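Comments concern the structure below.
The values are calculated or read from the model by the stated rules, or taken from the named source; none is laboratory data. Bear in mind that the values here come from a model prediction, so they are computed numbers and not experimental data. Ideal geometry is used to build each Cβ from the backbone, glycine not excepted, and the neighbour counts take in all protein chains shown.
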């Protein structure tokens, strides 16, 4: 998509602006990949190029879906069983090449974890969260206490699949935590991205929340579980109206 087209999207206060934010994040990561590729060659360079091409394809798909959703009011029809572990592994592989030296993206949880959700929405939710962690890691690189890892732990309990995204950074200052999930662009808190991610989680019957942790920042994504290739009867239930400690 051209820079002019992105500018037109960003000028809107509606859903297109939110899509433009995600496209901007994806393209920013592509730019980091390509900058690195210019300084490298061999197999490692090819891996980075592959990640860049994949992200460009994702960005194009987001733009196409933004257009199609303009005429589709019903989003529930796009929900289907998918293995969230595969989506997480894909995101980790796409973002690893843009991580600062020594930074690790770890995925914990074995086997398949089936959720009932829109696959594109799930990708956007998790991409936003991991992208925010990497942005913070790059900002803190070279400091006395740099962030060294972010871990995505996947668990299932009853009919809910939970993804815990936790980093070992300094955590979020209280003033930032007080304004999480508000629709305000912020290079520190990722406010607009978090607002988008929460909205996407809730429209898929799920929950996104920040939780207290001893070290770093921790977010929980909860989505309705599905079993096998077809969701079990009653597998879908709304989690989005559960307790939310942060102001929306």
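Can you tell me which residues in segment 189-236 are modelled with pLDDT of 95 or more, in contact with a helix residue (DSSP H, G or I) (Cβ under 6 Å, 6 or more places away or on another chain) and part of a loop (DSSP other than H, G, I, E, B)? The one that is modelled with pLDDT of 95 or more, in contact with a helix residue (DSSP H, G or I) (Cβ under 6 Å, 6 or more places away or on another chain) and part of a loop (DSSP other than H, G, I, E, B): 204. Restricted to segment 77-188, the set of helices (runs of 4 or more DSSP H) holding at least 1 residues that are closer than 20 Å to residue 214 by Cβ comprises 119-140, 174-177.
When segment 146-158 is limited to residues that are within 25 Å of residue 122 (Cβ to Cβ) and surrounded by fewer than 17 Cβ atoms within 10 Å (Cβ to Cβ), the one that is nearest to the chain's Cα centre (by Cα) turns out to be 153. Only one of the listed residues (173, 119) is over 14 Å from the mean Cα position of the chain (by Cα) and either assigned by TED's automatic domain parsing to the domain that holds residue 226 or without any contact (Cβ under 8 Å) to a residue 24 or more places away in the chain (or both). That residue is 173. Report yes if residue 69 is surrounded by 15 or more Cβ atoms within 10 Å (Cβ to Cβ) and modelled with pLDDT under 90, otherwise no. Taking the combined requirement at face value, the residue satisfies it.
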